[in-house]
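K.L.:
This is the structure I want to talk about, given as structure tokens.
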Amino acid sequence: MGWGKQSRMYFYIFGVFIILWILLSIATYFLTARFRQHLTDFYPRWEGSRAALAGENPYSPEVSWIIQETMFGRRQEPYEIVQHYVYPATLTWLLIPFWILPYPIAVSLWQGLQLLLLLLCPVGVILLLRWELRGISFFLLAILSLFGFRHPINTYVLGQFIPFVLASTILAWYRTAINKPVITYLGLLGLLVRPEVVVIPIIVLLLHNWVERRRGVIAAWIGSLFFLWLLTRLWIGPWEFDFLNGIISYTGYSFVRWPPLALGNLWIGMLVALCVIGWGMWMLWSVRNLPSPKRLPWEISVSVVTTLILLPQTNNYTLVLALIPIWVTLWASEGAYLNWILLSAILLSPWVFYALNETLFSGVEQLIIPLVIGGVLTRQWKVWICKERKDQAQQLPRR
């Protein structure tokens, strides 16, 4: 394809993306934004980032009071779920277009973007994997992933940031697989919006680029980290200790849980964590000899599962990331009904936990779902790699 035709194609795709984004943002304003107003997870970030742009400390009590009074009509008591800015101040520069807009417009555009990304993510993975999924199978996958699975739409309504992280992970994976370093870098940069929930995938993607000798991507990403930190330090002064203190206080009143503790015993939880670490290292070692496009789906899937189990999770929204290993497992299953049944049940299970008692069973949900996905993924990996080796053996010329 000539450069002119390729440029026009990208221009048309970008135009369609913008049109869909605007339409979904308008619909979002009338469906959710004007009713929920400031009761979203987007608002504390918007208020804190605007304070940072004005040269103020976004972690100050004054900014926290503004957030609380706007959201709840009063300042919160220490024993309540106190809202304040508990995010890296570098977020100010990563999403700056949203912070300079008036709040109703900004939140509508943000939520509209999240919904669009949720709709595009399964399509992107299907294209990336060259997955021949058509008709009723594609429709079933989309419905189960985005609507049957309770958390994606929940994150959209609450103005959460997990859909953006999901899309950034797929973007970094997609362009890494077809050797587009600039887009890989942008995907990795997008992961810095919520780096604490994708630490292991970030490390895996960086190691993959290192092994594939794409050192420029790594250097540019590390350089961006330093630049964002330095710019923030020069703009608002020292902020790191305020951020850490905010994180410590945040864990005191929020829904942060370490999933293995759902088993009710610290030592059993630690044993499970060690087993998961061993499993993750074994899986990554097992896929090491695959070519890059075939290795990446497994590497990212394993890194997501280990992240969801090993790292403390804020509520259960991060389970949206589990869509990646689910999609990869179904792709490798090649229509196997057993995996479709098992993973469909997993996708629908959050409604069961919600019906039982969302608060009581949230920790169990955060552990059981990734554990089961990891088990199904491992089983399918063994089936898939055996088939790959058999196909390779058949393609070898006979003497």
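K.L.:
Cut-off is 10 Å between beta-carbons; in what order do H38, H84 appear when sorted fewest neighbours first? Intermediate values should be presented prior to the final figure.
P.N.:
On the way: H38 19, H84 22.
Least to most surrounded, the residues fall as H38, H84.
K.L.:
So, one more: Per the Kirkwood definition applied to all pairs of different Cα atoms, how many angstroms is the hydrodynamic radius of segment 100-212? Don't jump to the answer; show the numbers that get you there.
P.N.:
Values: mean 1/r = 0.0658 Å⁻¹.
Across segment 100-212, the inverse of the average 1/r is 15.2 Å.
K.L.:
Using a basic spin-label model with each label point 7 Å from the Cα along Cα→Cβ, how many nm lie between L119 and V383?
P.N.:
A separation of 3.3 nm, rounded to one decimal place.
K.L.:
Taking the dipole about the Cα centre of segment 1-254, with the C-beta of Lys and Arg at +1 and of Asp and Glu at -1, give me whichever of F11, L207, L230 is farthest to the positive side.
P.N.:
The Cα lying farthest towards the positive end belongs to F11.
K.L.:
How would you rank I153, I369, going from fewest to most other Cβ atoms within 10 Å of each one's own Cβ?
P.N.:
Ordered from fewest to most neighbouring Cβ atoms within 10 Å, I153, I369 come out as I153, I369.
K.L.:
Place a +1 charge on the Cβ of each Lys and Arg in the chain and a -1 charge on the Cβ of each Asp and Glu, then give the dipole magnitude about the Cα centre in debye, rounded to the nearest 20. Please report the intermediate quantities before stating the final value.
P.N.:
Values: 29 positive and 18 negative charges, 371 e Å.
About 1780 debye.
K.L.:
Here's another thing I want to ask about it. Dividing the alpha-carbon radius of gyration of the chain by 2.2 N^0.38 Å (N being the number of residues), what value is obtained? Working shown, then result.
P.N.:
Values: Rg = 21.7 Å, N = 399, 2.2 N^0.38 = 21.4 Å.
In units of the globular-protein estimate, the chain measures up at 1.01.
K.L.:
Next up: Quickly rank 320-327, 304-311 as a protection proxy: mean count of other C-beta atoms within 10 Å, highest first.
P.N.:
On the way: 320-327: 25.2, 304-311: 23.8.
Put in order of decreasing packing, that is 320-327, 304-311.
K.L.:
Moving on. About its Cα centre, how strong a charge dipole does segment 257-384 have in debye, to the nearest 20, once Lys and Arg get +1 and Asp and Glu get -1 at the Cβ?
P.N.:
Numbers: 6 positive and 4 negative charges, 73 e Å.
In total the dipole reaches around 340 debye.
K.L.:
Only Cα pairs under 8 Å and at least 6 apart count here; give the relative contact order of the chain as a rounded whole percent. Before the final figure, lay out the partial values.
P.N.:
Numbers: 446 pairs, mean separation 65.6, N = 399.
Value for the chain: 16 percent.
Every number here is computed from the coordinates shown, using simple stated rules; none is lab data. This is a predicted model, so every value here is computed, not measured. We place every Cβ from the backbone using ideal geometry, glycine too, and count neighbours over all the protein chains shown.
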